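S.K.: I have a structure I would like to understand better, so I am pasting it below and will then ask my questions one at a time.
The values are calculated or read from the model by the stated rules, or taken from the named source; none is laboratory data. Because the structure is predicted, anything quoted here is derived from the model rather than measured. With ideal geometry, Cβ positions are generated from the backbone for all residues, glycine too; neighbour counts draw on all protein chains shown.
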Amino acid sequence: MKTYDNKGNHFFIEVIPSIDDKGYWDGRFELAIQVRKSNIEEESYWELEKLCQMACASLSLMQQDARVRDTIETFLNTPENDDIKLPSPVDKVTGNVIKVNFEKG
């Protein structure tokens, strides 16, 4: 198991599904950004907050635009391969972890 030194800082996107009385998801959900801020510089905090907001917005955009949804679905189903050029800012995909790098542009 790989451990990460995040210095006590965590940004979580919580998906809160709407479940009916029989235990089935009705397709609706709410998103909540949860933050545990320990010792992060203020500008870096707001950049990470914006990243979380963009990730949340992408879910709504996928609902509205089938092309976006299809592009993400194709990307998700593409086997990991070092020969595949990933779109910026995605740096690497390993399992369910997507590493991004906004500086490599």
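S.K.: Restricting to the range 23-44, count the residues that are on the phi < 0 side of the Ramachandran plot and out of contact with any strand residue (DSSP E or B) (no Cβ under 8 Å at 6 or more places or on another chain). Break it down stepwise before answering.
M.R.: Kept after step one, since they are on the phi < 0 side of the Ramachandran plot, are these residues of the range 23-44: 24-26, 28-44.
Retained after the next criterion (residues that are out of contact with any strand residue (DSSP E or B) (no Cβ under 8 Å at 6 or more places or on another chain)): 24, 37-44.
Matching residues across the range 23-44 total 9.
S.K.: Cβ-Cβ distance below 6 Å, separation of 6 or more or different chains: which pairs start in the range 77-101 with a residue that is modelled with pLDDT under 70 and end on one that is surrounded by fewer than 10 Cβ atoms within 10 Å (Cβ to Cβ)?
M.R.: Correct list of pairs: Ser88/Gly105.
S.K.: Same structure again: Please enumerate the residues belonging to the range 13-27 that are under 18 Å from the mean Cα position of the chain (by Cα) and either over 18 Å from Leu48 (Cβ atoms) or without any contact (Cβ under 8 Å) to a residue 24 or more places away in the chain (or both).
M.R.: To start, the set of residues in the range 13-27 that are under 18 Å from the mean Cα position of the chain (by Cα) comprises 13-17.
Listed by number, the residues that qualify are Glu14, Val15, Ile16, Pro17.
S.K.: For residues that are closer than 23 Å to Val97 by Cβ and either part of a helix (DSSP H, G or I) or modelled with pLDDT of 95 or more (or both), tally how many sit in the range 35-59. So that I can check it myself, show each step before the final result.
M.R.: Residues of the range 35-59 closer than 23 Å to Val97 by Cβ: 35-38, 40, 44-45, 47-59.
Subsequent filtering for residues that are either part of a helix (DSSP H, G or I) or modelled with pLDDT of 95 or more (or both) retains 44-45, 47-59.
Counting residues in the range 35-59 that are closer than 23 Å to Val97 by Cβ and either part of a helix (DSSP H, G or I) or modelled with pLDDT of 95 or more (or both) gives 15.
S.K.: Which of (1) surrounded by 10 or more Cβ atoms within 10 Å (Cβ to Cβ); (2) in a loop (DSSP other than H, G, I, E, B) is the odd one out, the single condition Gly23 does not satisfy?
M.R.: Every listed condition holds for Gly23 apart from (1).
S.K.: Kindly evaluate Lys2 against the criterion of being surrounded by fewer than 10 Cβ atoms within 10 Å (Cβ to Cβ), among the basic types (Lys, Arg) and more than 20 Å from the chain's Cα centre (by Cα).
M.R.: On the way: surrounded by fewer than 10 Cβ atoms within 10 Å (Cβ to Cβ): yes; among the basic types (Lys, Arg): yes; more than 20 Å from the chain's Cα centre (by Cα): no.
Judged against the criteria, Lys2 is not a match.
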